[in-house]
Structures are given as C-alpha cells and as structure tokens.
There are 2 protein chains.
Amino acid sequence: MASLPVVNQPVHRSGALLDQLARRVRLRSESVLAPLGLRVRHLIALTVLRDRGGCTQQALATTLEIDGTNIVGLLNDLEAENLIARRRSPEDRRRHVVELTDAGAKRLAKAEFALAAVEDEVFAALSDAQREALYGLLQQALGTGDDGCVAAID
Amino acid sequence: MASLPVVNQPVHRSGALLDQLARRVRLRSESVLAPLGLRVRHLIALTVLRDRGGCTQQALATTLEIDGTNIVGLLNDLEAENLIARRRSPEDRRRHVVELTDAGAKRLAKAEFALAAVEDEVFAALSDAQREALYGLLQQALGTGDDGCVAAID
DNA sequence: TAGATGGTTTGTGTTGCATCAATGATTAGC
DNA sequence: GCTAATCATTGATGCAACACAAACCATCTA
C-alpha cells in the first residue's frame, strides 16, 4: 500500500459502468414493480431494511444518502401500504425506528421473484457463479451484512 | 438449464445493491466532474465512445438506453466543448458517426484521474483485485469489449 | 433553561429523462 | 420518379427524484 507497484495495466474505472448497468436494471425494474405498487426507490429501502434489520430514519437516510425530508416522504409511502412500521425508539423518543412488516417482507419477496426475468435479461452474459460473485462484491462494497445501518434495537 | 437444481441458498438479487452503489459513486462524482465541465451523463457517453470506438447516434442512444432526442442534446453539449466529432456516415448520409476527439480523450483521462479518490472512497472495502474483478464483471455484463456499439466505421 | 436534535410539512428549483410534434435531408422500395 | 420510411434536429410538456430551505413540535443534553 505504501509503495505502489507500477504496472503496465492502467487502472480501470468502474463508476461509469456501474451507472450504466444500474440504469439497465432500473429501467426494466420499473414496469415490473409498478403492478406491485412499488418504485425502485421503495424497493431499495425495503431491501436495506430487510438486509440490515430495523434502523432509525436518520440512519436509513444516511445509508441511502438521501436527504432527511425525502426519507420522510419515502417512508410515508411505505407506511401507507403497511410495508414498514415506525415506532419511537425507547432510548430517544425523538427517533423513529423503522422496521419491515410481515406484509413488507412478503411484498419484497414477491418483487424479487418478479425481478428474476429482469436480472436474467440484464445479466445474460454472466454465469450463475459470476452473478453470485457480483452480488458478493456489491454487498462487500456497500458494507452490508456485518452491521446494521445503525444498531438501533435492543 | 432445463432442470434447475434446487439449492438451499436463495438467489440473491443484485439490482438494488447495484443501484445503491452506483448512486454512491455518482453523488461523489458530480462535484469532481463539475470543475472539468462534465456531468456524469457526459462521462458515461465519453466512456462508451472510448471503449467501443465511434458509433452512430442511434446506436449510442440504444447502448445508453436514452431516447434519441435526448442523445442529441447530450451530444450537443459534448460537441460544443469539442470533446466529440460528428460526421456523416459514408454508408448512409442520414446517420452521424460520433467519435471521441483528442481533446475528448484527454478530458476523459483527466476526469478518470480525478475520480480516483471517489472510487477509493466508495470501494474502500474492496481490495485492488476485487475492484478489478468487479470491473471485469461489469464489463462482461454490459457486453463491452468484443463489439463496438455498432460497427460503424470502415 | 437554552440550545441541539429528530422528524414533519411545505415549498422551490434543478436535473434527467420520456414523449410528442414538426421539420429537413436522405434512403429504400416499388 | 414517387412515396414511405429513416435519422437527426428543435422545441415543448410533464414526471420523478431528488437537494435545500424554512418553520414547527417533541424530545434530549449540558
């Protein structure tokens, strides 16, 4: 790390490719999610809540890098459909802890089932193993799995 | 393929993670690209043109999955800065072949250099080898490398 | 008790689209 | 040669997903 090896191979930048691929998934996901009453932004929030367990609104906003006032609106959508539940944190009653409801988990599962065709289409050039590798890299890069978005619940 | 092996491990959906990670890169890239007179959407177009060589506007629109009228505006931005050149295709004079100029290639290189810190930050949890693996998977998924967006030039 | 924090509502503005209509130049097919 | 189709262009409209600001209430901290 201290002494960088000078290699002939130029460093590849993944950012633009990431954005492109994400867009391809997103464009196809929208029409699949619409009949389920979901937007991509909803799906992402549900995914985070499922993968990381419950967390405060602020922590969710930080994780998703969305402004706090916009998180309110997003969560209002989800709460209106009973897909999430907000409750006051016992440690600090200013805070809401947000959790996936059973209905939310089911909706998410249904959405993911419906998105199979999307991923099959967009990742057509990748084998199952490569898709799994991609998932692992994305998860690791996002820091998903080891800690919740914030340790929120006792 | 005909008989799916039933495995205990549920299939992971990468779409939401992709979108999240792409957003993280994008949000940080914007302020890095702005002093270079570029937007993320510009960067992506430049990247495609560099990686795939010149192609027609329509092919570029298809590759980026952006509507033809919006591609016109995007390319107008880039052409105004002399980063791309449009010329009539000899095979079909209705078509423009779009190519990166030298100035465009330099601007792109400068942008990618500037984006090093962004990628270091967002991909902090990935090793160099993992970042390279991610790049390879993204490239393969996008179908970059073997064919241009369309074989356009003789 | 005063200041800070978390959430909420409301409003404004920007960006990146999709879509549409109309136009001109060019090509393809009859 | 003529008609219909294609490619690019301009301009307009509308939507979604934000960022940001202001104001407010409830709650916490020092």
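The values are calculated or read from the model by the stated rules, or taken from the named source; none is laboratory data. No experiment lies behind these values; they were computed from the predicted model shown. Methodologically, a virtual Cβ is constructed for each residue, glycine included, from the backbone with ideal geometry; neighbour enumeration extends over all protein chains shown. Heads up: the accessible areas ignore ligands, DNA and RNA and are worked out on the full protein's heavy atoms, side chains in. Shrake-Rupley method; radii C 1.70, N 1.55, O 1.52, S 1.80 Å.
Loop-located trypsin sites (Lys or Arg not before Pro) in the stretch B:30-97 (DSSP state not H, G, I, E or B) with no more than 14 neighbouring Cβ atoms inside 10 Å: B:ARG93, B:ARG94.
At a threshold of 10 Å², the residues of the stretch B:57-76 that become less accessible to a 1.4 Å probe in the full protein assembly than in their chain on its own are B:THR63, B:LEU64, B:GLU65, B:ILE66.
Between A:ALA116 and B:LEU27, the C-beta separation translates, for a Förster distance of 25 Å, into a calculated FRET efficiency of about 0.30.
Chains A and B together bury some 4900 Å² of accessible area, summed over both sides, with a 1.4 Å probe.
Element breakdown for the stretch B:34-124 at a 1.4 angstrom probe: carbon and sulfur atoms account for 50% of the accessible area. With a simple spin-label model that places each label point 7 Å from the Cα along the Cα-to-Cβ direction, the separation between A:ALA124 and A:GLN58 comes to 4.8 nm. The residues of chain B present an accessible area of 53 Å² per residue when probed at 1.4 Å with all protein chains retained. Residue of chain B with the smallest Cβ distance to the axis mapping B onto A, distance rounded to whole Å: B:ALA22, 2. Calculated [222 nm] ellipticity per residue, helices only, for chain B: -18000 deg cm²/dmol; basis is -39500 (n - 2.57) per DSSP H run with n ≥ 4, divided by all residues, nearest 500. Each of the GluC sites (Glu not before Pro) that DSSP puts in a loop and that has at most 16 other Cβ atoms within 10 Å breaks chain A; the longest unbroken stretch is A:1-64.
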